[in-house]
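Worksheet for the structure shown next.
The values are calculated or read from the model by the stated rules, or taken from the named source; none is laboratory data. Quantities reported herein were computed from a predicted structural model and do not represent experimental measurements. Cβ coordinates were reconstructed from backbone atoms using ideal geometry, including for glycine residues, and neighbour counts include every protein chain displayed.
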Amino acid sequence: MNDRIQAHIRPRVSRRAAPVRLRLRLWTASALLGLAAFLATPHAATAQDATPSAEALARSLQTRYADVRDFSADFTHTYEGGLLRKKTTERGSVLIKKPGRMRWTYTSPEQKLFVSDGRKIYAYVPADKQVTVGAMPSDDRASSPMLFLLGKGNLAEDFTVSHAERLPGQPADSYALKLVPRTRVPEYEWLTLVVSRDGLKLQALVAKDAQTGTSMFTFTNLKENVGLSDDRFTFTIPRGADVITQK
């Protein structure tokens, strides 16, 4: 599933020295963030004096997800373990619009841009002067997170859900829901969503990959159903950039 495009979203070891396989999984990470973002729509608050079952919490999140048309946020992305020897932190902003439109703008410490216009996916790192282009996977090739991004799928049906152990730094007034895909996927082993008890507002998304690395995304300035135009998801190939097309 477009390994070179998927690669860019995780921190890179060295632009010149890292092998291609270290350019890890852009598309899957984007889809996971898309899932997390869409779950952030305000909905009926969950009672704070009792912890709902994992299945009930998943159903509530599914209901919230269905209400969202578009979403914007600032994010912080940390990655540690796996193929990297130290913890890295990156920051940026994200725009998402159903169906399948995304724009991830990394601003620190390195500029990176990932855009999906609903048909194609573009990965651009200005320092490399290179754009990688791939087709959006069709429904029958999409993993569970992709189905959510496309407006399909179901948390309770696509994942085995359970309450996760409390994460370091997790707010006291929150739930952590662990999601293990019922059908094995190569991009990750499990996900954890952290949501507030009051309103089930998304606070963080954690993903464990096959290389035992852990990505954690935290979100601020969450805004949903803001009426994002399709123009925000148009990508123009920069002049002078090399273009690599994925089949």
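Is it true that some residue in region 45-53 is at pLDDT 50 or above, over 23 Å from Tyr188 (Cα atoms) and of a type in the set (A, V, I, L, M)? Yes - at least one qualifying residue is present in region 45-53.
The selection criterion, being in contact (Cβ under 8 Å) with a residue 12 or more places away in the chain, farther than 17 Å from Val68 by Cα and of a type outside the set (Lys, Arg), does not hold for Val226.
Within region 50-69, the residues that satisfy the criterion of being within 18 Å of the chain's Cα centre (by Cα) and in a helix (DSSP H, G or I) are Ala58, Leu61, Gln62, Arg64, Tyr65, Ala66.
You will find that of Thr76, Thr107, the residue that is surrounded by 14 or more Cβ atoms within 10 Å (Cβ to Cβ), part of a strand (DSSP E or B) and not aromatic (Phe, Trp, Tyr) is Thr76 and no other. Which residue pairs have Cβ atoms closer than 6 Å, lie 6 or more positions apart in sequence or on different chains, and pair a first residue in region 113-127 that is over 15 Å from Val94 (Cα atoms) with a second residue that is modelled with pLDDT of 90 or more and among the polar types (S, T, N, Q)? If the second residue must be modelled with pLDDT of 90 or more and among the polar types (S, T, N, Q), the pairs left are Pro126/Gln111. Residues in region 180-190 that are among the β-branched types (Val, Ile, Thr) and in a strand (DSSP E or B): Val180 only.
The requirement of being crowded, with 17+ Cβ neighbours inside 10 Å, modelled with pLDDT under 65 and among the β-branched types (Val, Ile, Thr) is not satisfied by Ile96.
Scanning region 180-190 for residues that are aliphatic (A, V, I, L, M) and modelled with pLDDT under 85 turns up just one, Val185.
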